[in-house]
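> One structure coming up, written as structure tokens, with questions to follow.
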Amino acid sequence: MLDKEGYRPNVGIILLNQRNEVFWGKRIGQHSWQFPQGGIHHGENPKQAMFRELQEEVGLLPEHVQVIGRTKDWIRYDVPEEFLRRQSVQKSRRTSYKGQKQIWFLLRMVGRDSDISLRATDHPEFDAWRWSAYWIPLDAVIEFKREVYSKALSELARYLNRKSNLMSLPWGTTLDCHPNTTQTSPTIENHDLTR
């Protein structure tokens, strides 16, 4: 389902734990990390699509999360020509496809890490996952999605801690809203299913 401008409606999910670290999934067989995301099916609204994608890609149910916020408008990205050529060979109907337009949701996980299952469907997207700092460097994200990630993270940061000005923090700053706890390195806990 494409809009008249050639963009596929899509949702993106920024999933937080209690330390405001974000969930990153490693694409199967690749060295790139990303947030869960997926297309909106015919008849679905963005929130319904978000809960479906959350279950398909991360194995979490609505009772495992709290919806904190969402982007106000669609955020678009164009898929580079070399990727479009590959797709058009595989699927000739995609000749008018330009990219994706996404509504991003910010979720707080209220379940446990053990509730996460990357094998919730027969076609998993990720083979590993980890918690990382909210302002993680985006160099592990495929280049053409980096600007969208930056826009979504920046817009949704306002929901995290209304007492501090997150927009003034340098990119990569660890956000810890629990000052009486000791924060561990966000990248140490890497859940690799390929081992």
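> Test of understanding: among Val110, Val141, which residue is surrounded by fewer than 20 Cβ atoms within 10 Å (Cβ to Cβ), over 27 Å from Pro80 (Cβ atoms), touching a strand residue (DSSP E or B) at 6+ places or on another chain (Cβ under 8 Å) and touching a residue at least 40 places away in the same chain (Cβ under 8 Å)?
The match here is Val110.
> Name the residues in segment 34-61 that are of a type in the set (Asp, Glu) and either surrounded by 20 or more Cβ atoms within 10 Å (Cβ to Cβ) or in contact with a Gly (Cβ under 6 Å, 6 or more places away or on another chain) (or both), would you?
Of everything in segment 34-61, those that are of a type in the set (Asp, Glu) and either surrounded by 20 or more Cβ atoms within 10 Å (Cβ to Cβ) or in contact with a Gly (Cβ under 6 Å, 6 or more places away or on another chain) (or both) turn out to be Glu53, Glu57.
> Looking at this structure, is Asp139 charged (D, E, K, R), in contact with a helix residue (DSSP H, G or I) (Cβ under 9 Å, 6 or more places away or on another chain) and not in a strand (DSSP E or B)?
So Asp139 fits the description; yes.
> Something else now. Based on this model, can you work out whether Ala157 counts as modelled with pLDDT of 90 or more, outside any loop (DSSP other than H, G, I, E, B) and touching a helix residue (DSSP H, G or I) at 6+ places or on another chain (Cβ under 8 Å)?
yes
The values are calculated or read from the model by the stated rules, or taken from the named source; none is laboratory data. This one's a predicted model, so the numbers in the text were calculated from it and none came from an experiment. With ideal geometry, Cβ positions are generated from the backbone for all residues, glycine too; neighbour counts draw on all protein chains shown.
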